[in-house]
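Trainee: Below is one structure. I have some questions about it.
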Amino acid sequence: MLKKIIVVIAMLALIGLSVFLIRKTPNNNEVIVSSEDAQQQPVPEEVLPEQNFTWNTQNITEDCSMDEAKPCAVETAVKCTVRPDLKICNKDKLPKFIFMTDPSINRPTEVNYRFIGKKSLPNNTVEIYTESDCNGTWFGLCQGTVIYVLSADEKNSENWFVRDIYAIE
C-alpha cells in the first residue's frame, strides 16, 4: 500500500512539473528582446557593384578599385590570374593554381567581368557570382558564370580572400 502511495505522489509531482514547464515556455508568437539586442543596429547588406570591370596586363594596378572587402578579394584574384607576379598576389590567400607557370597553360592577358550575385553559406564562406569573359582558356575559369568562394581572414575578419574558384557552363 505504501508503494502505491509513493508512485501516485511521484506521478502527481511529474505532472505538476510538466504543467509548470509548459506554462513557462514562451509562446512562438512572442518576441523576446534583450536590452543587448535592442541596442544593436542592423548590419547593412553589402551591395555588389553593377559596373563591368576589365583588367589586362597594361592597366592592372595594385590598389583595389572598390571600397568593399569582398569585391576587392575577387578583384585581387582576377588581377593575379592575369599577372601572378604582382605584390598583392599572396600564395597563402589565393588558390594554388593561380600561380602555375606551365607553358601549356593558356593564361589570359585580359579578363572582363561583372558581379551578378552573392550567396552566404552556413560555413562562414560567401560565394560571389560573376559573368566573365577572357582571352585565354585558364582551366575554363574565366568564361561564363565564374564563382569565387571567399573566406574571412583568421587574423582580421573584415578582410576576405578567395579560397576557391569554379565555373558553371
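Please treat every number below as a calculation from the coordinates, not as lab data. The shown structure was predicted, so the numbers you read here are calculated from the model rather than taken from an experiment. Neighbour counts run over all protein chains shown; Cβ positions are idealised from the backbone, glycine included.
Trainee: Please list, by residue number, everything in the stretch 69-113 whose backbone N is under 16 Å from a paramagnetic label point 7 Å out along Cα→Cβ of Asn59.
Mentor: Counting backbone N atoms under 16 Å from the label point, the list is 75-76, 78-80, 82-83, 109-113.
Trainee: Still on this structure, I have one more. For Cα extents along the principal axes in Å, several values are listed as (i) 50, 40, 27; (ii) 49, 39, 31; (iii) 94, 37, 31; flag the one computed from this structure.
Mentor: (iii)
Trainee: Please report how many Lys pairs in the chain have alpha carbons closer than 28 angstrom, counting only residues at least 8 apart along the chain or sitting on separate chains.
Mentor: For the chain, the number of qualifying lysine pairs is 29.
Trainee: Taking the chain as the reference, fit the longest principal axis to its C-alpha atoms, fit the long axis of helix 69-82 to the helix C-alpha atoms, and give the angle between the two in degrees, 0 to 90, nearest 10.
Mentor: Rounded to the nearest ten degrees, it is 30.
Trainee: On to the next question. What net charge is computed for the residues neighbouring Asp85, neighbours being all others with C-beta under 13 Å from the C-beta of Asp85, Lys and Arg scored +1, Asp and Glu -1?
Mentor: Computed value for this residue: +4.
Trainee: Which shape class, rounded, prolate or oblate, goes with the stretch 97-163 when its Cα gyration tensor gives a ≥ b ≥ c as root eigenvalues, a/c under 1.5 marks rounded, and past that a/b bigger than b/c marks prolate?
Mentor: oblate
Trainee: Search the structure for amide H atoms under 5 Å from the amide H of Ala167, placed 1.01 Å from N in the peptide plane, and list their residues when 5 or more places away or on another chain.
Mentor: Ile147
Trainee: How far is helix 2-24 tilted, in degrees, relative to the longest principal axis of the Cα atoms in the chain, given as a value from 0 to 90 rounded to the nearest 10?
Mentor: 40
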